[in-house]
Amino acid sequence: MNAKPNTIIQVQNLSKSFGNLQVLKNISLDVYQGDVIAIIGPSGCGKSTFIRHLNMLEKQDEGKILFNGKDIYEKGLHSRFVRERIGMVFQQFNLFKNLTVLKNIMLAPVTLHKMTKSEAEAKAKELLNKVGLSGYENHYPSQLSGGQQQRIAIARAMAMNPDVLLFDEPTSALDPEMVGEVLKIIKDLANSGMTMLIVTHEMNFAKSVANKVLFFSEGIIKEQGTPQEIFENPKDERLKEFLSVIH
Amino acid sequence: MFKKIPIWAILFFSFAFILGCNDNAIPANKVFAVKDLAHKKVGVQIGNTADIYASDFGGDTAKIQVERYSKLTDAIQALSQGKIDAVLCDDQPAKAFLRQNQSLKILDEVFVEETYAGVIAKNNTALLDTVNMALKNLKISGTYDSIFNTYINRSSDFHYTQKVKSENKLILSTNAQFPPYEFHSANGIEGIDIEIARYIADYMNRSLEIQDIEFDAIINSVNSGKADIGLAGFTITEERKKSILFTTPYAESKIVVIVRDNNKISKTESIGELLHKNFIKEARWKFIVEGLGNTLIISFFAAFLGICIGIGVSFVRFAHETMGGMKFLNTICKIYLAIIRGTPVLVQLLIIYYIVFSSVNVNKILVAVIAFGINSGAYVSEILRSGFKAIDPGQIEAGRSLGLRFRHILSHIAFPQAFKTSLPSMTNEFITLIKETSICGYIGITDLTRGGDIIRSLTYEAMLPLLAVAVIYFILVAGLSSCVARLEKRLKKNER
Ligand SMILES: Nc1ncnc2c1ncn2[C@@H]1O[C@H](COP(=O)(O)OP(=O)(O)O)[C@@H](O)[C@H]1O
Ligand SMILES: [Mg+2]
């Protein structure tokens, strides 16, 4: 019942099916404050589905997700409360096309009365500086490269001051020369102590940034451990095969 | 490209103008007696008794080819242009037409004789009795003869002016395209029937209100209670007796045959004369101005109402499609869309006027605004819905992942984008709307089209009034298009 003092998220026996296809099978996981967890695995194995559950974009069939010790679907706990505390960055950036960069970042904090307009603007400018895009306040998403858009998307998620950030393949839609600039931002965030779960195919990045790596396969966590354990001393046959194909 | 369009339009309208001025090759008249009507093309007014007689004429061997017009003036025009061979109509209107149109003549042989009476709702015998008493008084007092002398014999200048001013109204339904019984003049609608109606109204201690609608809609209007009495040169027929009460007859009439006069070649009028006749004389341009005003008012408020309905309906459907729920509202919206898009707008207008508002005396402009607004709303909502569909779901998920509620996502993200993608189709919808309001004449509103029609009925001249109306519609549509093009340009700067 009681959460350990420093656990943020507890996933307990999570299962999910789409029609006849069972995508997640009885998954459990504890996420501690300051964890940077890399999630790897072949495509179609349920990584996105898993991470989307943590943001309530999917609803599980069975099992529970606790956030700060409370069931996220508990009656009286509004879904937006959970979502405000857990930010998400998508593969396709998903910036609001009709809004400027500045307004993309300010929209949620202002609309949800987290900050006044001027506070939000100050915060947005500070975040733009952090992601190296000062001066782009009045650009529209369509005027930016993919790498720039993804950095804005990270700033937008950060504007709500979330406790946890989720990344679903943040660099998969980018041209190779832009991958580095986005990974650098994520690395900076990791160094600042942000709790994060990152679905990624960048193994070197996972190795250098994560304190824990999960290998997903066919809807379960086939193997988990430190980067050293997973990348240098893999035990599961599928993991070995996966790593050999990817390198 | 766009800049050149007005030039092409001007060329087109000029071409139409030249065609209109060129009245060559009108065939000679071949009808010299009633028996010659067999196998000829003969024009009549829809609903007029001439229509019934003409259809029965000649048995199977000598049938008349009947061409039905909703206005007598259209039939007269078709006759002088050689499109038909004769027109059958009541003798007094025929004489009035011939005063204007020198190239026609009336055959000496009369087609049929008949009498006119007023019409009153089937169940309203009390009103019938009162009106019959009034008609009796009208004759006894000699007032009828005076009116008759003014309009028919043209030997006096007597006009019956109404004395009673009252909130209590007698509503007269008529079709003011039938001189000298009822017609438009610079002073409004005038004629024998109108003065008789004023007399009846005085007799009943009411003030008179005139409702000018299509001839074949009058009986309907009276029976549905939209009007108290119909006076429009109605001939008593067995068929009509089944659905309506007739007053005692108040006038006699003959149906005569109008044909082209081979001896009188129509003299061509100069453009100056034509312009004067159609627009300047008796301030006829006012009909166009009044019509334009009504067209603008109806189009504007109907568009506004359409946008409101369209936004509401598309929100319900979008909410249903993205979040589920709202099943009941969504079903209602779907039924509304199916009905509106599955029936002609004219039928909707008539249903709203004659059925929905049948018992209340509501402003007709308002009825038109409601009918066109409801109609337009269906199309606007479908246009907006495809705009919503074009938004990638990722943006909506991103909004949800930030904790934004559905209404925030709708108002800040989805709607602005849907609106922008919908703008070109929405412009088309409003262009269609402006043009569709041209059917307002069916419920007796003088809109732009009807304003032109009234001038046509006064001058027996088609080209200038129709071209003027066409040019004004064209300017309205071109103006709207260029406004929206400017708006689109302004919105464009923030995407793609
Ligand atoms: N909304 C959905 N409806 C039906 N099937 C889905 C849906 N989302 C994902 N799936 C299926 O679930 C499986 C796992 O998908 P996903 O979690 O996206 O995998 P990954 O992110 O690991 O590539 C895939 O077979 C995918 O086709
Ligand atoms: Mg995925």
Next on the checklist: Can you say whether A:Ser172 is surrounded by fewer than 24 Cβ atoms within 10 Å (Cβ to Cβ) and away from every other protein chain (no Cβ under 11 Å), as far as the supplied structure shows?
Outcome noted: yes
Checklist entry - Hey, among the residues in segment A:107-121 that are open to solvent by less than 20 Å² (accessible area, probe 1.4 Å) and more than 7 Å from every other protein chain (Cβ to nearest Cβ), which one's farthest from A:Val131 (Cα to Cα)? => result A:Pro109
Checklist entry - Applying the selection to segment A:25-36, what residues are open to solvent by less than 40 Å² (accessible area, probe 1.4 Å) and either away from ligand 1 (no atom under 15 Å from the Cβ) or touching a helix residue (DSSP H, G or I) at 6+ places or on another chain (Cβ under 6 Å) (or both)? => result A:Leu29, A:Val31, A:Gly34, A:Asp35, A:Val36
Checklist entry - Which residue out of A:Ile186, A:Ile198 is modelled with pLDDT of 95 or more and away from ligand 1 (no atom under 16 Å from the Cβ)? => result A:Ile186
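For segment B:161-177, how many residues meet the condition of being within 16 Å of B:Gly118 (Cα to Cα) and open to solvent by less than 10 Å² (accessible area, probe 1.4 Å)? Walk me through it before giving the result.
Taking segment B:161-177 and keeping what is within 16 Å of B:Gly118 (Cα to Cα), we get B:170-176.
With open to solvent by less than 10 Å² (accessible area, probe 1.4 Å) added as a condition, the list becomes B:170, B:172-176.
Residues that pass the stated criteria total 6.
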Next on the checklist: Can you tell me which residue is farthest from A:Tyr136 (Cα to Cα) among those in segment A:81-92 that are open to solvent by 20 Å² or more (accessible area, probe 1.4 Å) and more than 8 Å from chain B (Cβ to nearest Cβ)?
Outcome noted: A:Arg85
Checklist outcome for this item: In segment B:421-430, anything open to solvent by 50 Å² or more (accessible area, probe 1.4 Å) and either within 9 Å of another protein chain (Cβ to nearest Cβ) or in contact with a helix residue (DSSP H, G or I) (Cβ under 8 Å, 6 or more places away or on another chain) (or both) is listed as B:Thr421, B:Pro424, B:Ser425
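Given segment B:201-297, what strands (runs of 3 or more DSSP E) lie entirely inside it while holding 2 or more residues that are open to solvent by 30 Å² or more (accessible area, probe 1.4 Å) and among the aliphatic types (A, V, I, L, M)?
B:207-212
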Item to check | Criterion (free of Cβ contacts under 8 Å to residues at least 24 places away in the same chain, open to solvent by less than 60 Å² (accessible area, probe 1.4 Å) and either small (Gly, Ala, Ser) or assigned to a helix (DSSP H, G or I) (or both)) met by exactly one of B:Gly377, B:Gly373, B:Gly325, B:Gly387 | outcome: B:Gly325
Item to check | Subset of segment A:50-80 that is within 16 Å of ligand 2 (Cβ to nearest atom) and open to solvent by less than 20 Å² (accessible area, probe 1.4 Å) - its residue that is nearest to the chain's Cα centre (by Cα) | outcome: A:Ile51
Item to check | Given (1) more than 15 Å from B:Val316 (Cβ to Cβ); (2) in a helix (DSSP H, G or I); (3) at pLDDT below 95, index of the condition B:Leu404 fails | outcome: (2)
Next on the checklist: Condition (residue is over 29 Å from the mean Cα position of the chain (by Cα), more than 30 Å from B:Asp228 (Cβ to Cβ) and away from chain A (no Cβ under 14 Å)) applied to segment B:387-400: is it met by at least one residue?
Outcome noted: yes
Checklist entry - Is it the case that A:Leu102 is under 18 Å from the mean Cα position of the chain (by Cα), more than 8 Å from chain B (Cβ to nearest Cβ) and on the phi < 0 side of the Ramachandran plot? => result no
Checklist entry - Can you name every residue in segment A:47-59 that is at pLDDT below 95 and over 19 Å from A:Pro162 (Cβ atoms)? => result A:Lys59
Next on the checklist: B:Leu433 - would you say it is away from chain A (no Cβ under 14 Å), part of a helix (DSSP H, G or I) and touching a strand residue (DSSP E or B) at 6+ places or on another chain (Cβ under 8 Å)?
Outcome noted: no
Next on the checklist: As an exercise: evaluate A:Thr226 against (1) modelled with pLDDT of 95 or more; (2) touching a helix residue (DSSP H, G or I) at 6+ places or on another chain (Cβ under 8 Å) and give the number of the one condition it does not meet.
Outcome noted: (2)
Item to check | B:Ile194 among the hydrophobic types (A, V, I, L, M, F, W, C) and open to solvent by 60 Å² or more (accessible area, probe 1.4 Å) | outcome: no
Next on the checklist: Restricting to segment B:44-97, name every residue that is assigned to a loop (DSSP other than H, G, I, E, B) and of a type in the set (A, V, I, L, M).
Outcome noted: B:Ile46, B:Ala62, B:Ile64, B:Ile84
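The values are calculated or read from the model by the stated rules, or taken from the named source; none is laboratory data. Please read all numbers here as calculations on a predicted model, not as lab measurements. Note: ideal-geometry Cβ built from the backbone for every residue, glycine included; neighbour counts use all protein chains shown. Ligands, DNA and RNA are stripped out before the accessible areas are found, and what is left, the full protein with its side chains, is counted by its heavy atoms. Shrake-Rupley method; radii C 1.70, N 1.55, O 1.52, S 1.80 Å.
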